[in-house]
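Engineer: Starting off with a structure, shown below.
The values are calculated or read from the model by the stated rules, or taken from the named source; none is laboratory data. A quick note: this is a predicted structure, and the numbers were derived from the prediction, not measured. Here Cβ is always computed from backbone atoms with ideal geometry, including for glycine, and neighbour counts include all displayed protein chains. For accessibility, only protein heavy atoms count, side chains too; no ligands or nucleic acids. Shrake-Rupley method; radii C 1.70, N 1.55, O 1.52, S 1.80 Å.
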Amino acid sequence: MPFIQDGRELITRAFREGFALPAFNFCSLEMARGCVDAAVSLNAPIILQTYQADLAFASPKVMVAMVKALAEESGVPIMLHLDHGLGLEMAQTCLQAGYSSVMLDGGGLEFAELVRQTKVLAQIAHETGASLEVSAERFNKGESEPSNPEEALALFEAGADMVACSVGSEHGQSSRLDLLRLETIASLTKAPLVLHGGSGIAESDLKAATKLGVVKVNIGSASYRALLKVWQQATTLNNHRAVYTQAREAVSREAAHFIKLLGH
């Protein structure tokens, strides 16, 4: 079945085969379809994910139904992930709705509390048949703190299936990775790693990261900017369907670029 219910299935495959899955943020059908169209054209698996604020546009149940329908029609493996989940309650709601995977964002938590919550949510996610991403890092401009390799290992030991690492990338900004730190984390954990802020990471660094255990790269800003550019130029189009079509095509082009870049 093209919709991957348990995210661990795709994550394990990517780790074993040495490629990274692009995880595309979306908040509408047009954005989701654009990413799926790219995946179909390249016969590649992808992750679709909703940021916490995206759930104001549609409930987790609606998002699950949408992605399942798109996956079934597409014939390519697709999983649905909660990006930067706000605490246990939001993650549980998404898991109950049928998400393949959720993220526990530990920003602002003491590390001991993050470990405790990781253990709780890992049990819930795994009993549901889903995967768990955990991060204690902050990625916004001016706030990034390098990941501690020992803490990354402790999060895996607490039950995380993926750990998001802060090694130089920033949301919405051009960036270079600290590949030596990433290699140190990968050597210690020997487990699937995640990068945020993928839209702005130098392409050579992204290619190197896929050889260092990175299995998931978040792509948000690239899609949003492509979409906004179409909307800003929409005065030349004479109906809303034309706007939606061009927006979907623009998102699809960006998605295809990252699918190719990440090595599937």
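Engineer: Taking the Cα centre of each part, how many Å lie between region 36-64 and region 223-264?
Structural biologist: Each part's Cα centre sits 15 Å from the other's.
Engineer: Please give the contour-minus-distance gain from GLN173 to GLN96: 0.36 nm per residue of separation, less the Cα-Cα distance, rounded to one decimal in nm.
Structural biologist: That works out to 24.3 nm of additional length.
Engineer: Expressed as a whole percentage, what fraction of the accessible surface of region 119-262 belongs to carbon and sulfur atoms when a 1.4 Å probe is rolled over the protein heavy atoms?
Structural biologist: So the carbon and sulfur contribution to the accessible surface is 48 percent.
Engineer: OK, next. Using a 1.4 Å probe, what is the accessible area per residue for the chain, in Å²?
Structural biologist: 43
Engineer: Which of these values of mean projected area of the Cα convex hull in nm² was calculated from the structure shown: (1) 15.5; (2) 12.9; (3) 14.5?
Structural biologist: (2)
Engineer: Once ligands and nucleic acids are excluded and a 1.4 Å probe is used, how much of MET63 is accessible, expressed in Å² to the nearest 10?
Structural biologist: 0
Engineer: Note down the net charge around VAL67, summing +1 for each Lys or Arg and -1 for each Asp or Glu among other residues with Cβ under 15 Å from its Cβ.
Structural biologist: -4
Engineer: If the only charges are +1 at each Lys and Arg Cβ and -1 at each Asp and Glu Cβ, what is the size of the charge dipole of the chain around the Cα centre, to the nearest 20 debye?
Structural biologist: Computed about the Cα centre, the dipole is about 740 debye.
Engineer: Next question. Around PHE156, under 14 Å between beta carbons, what's the net of Lys plus Arg minus Asp minus Glu among the other residues?
Structural biologist: Its environment carries a net charge of -2.
Engineer: While we're on this one: Would you kindly state how much longer the chain becomes between GLU72 and LYS211 on full extension, computed as 0.36 nm times their sequence separation minus their alpha carbon distance, in nm to one decimal?
Structural biologist: 47.0 nm
Engineer: Not counting ligands, DNA or RNA, and with a 1.4 Å probe, what is ASP105's accessible surface area in Å² rounded to the nearest 10?
Structural biologist: Roughly 40 Å² of ASP105 is accessible to a 1.4 Å probe.
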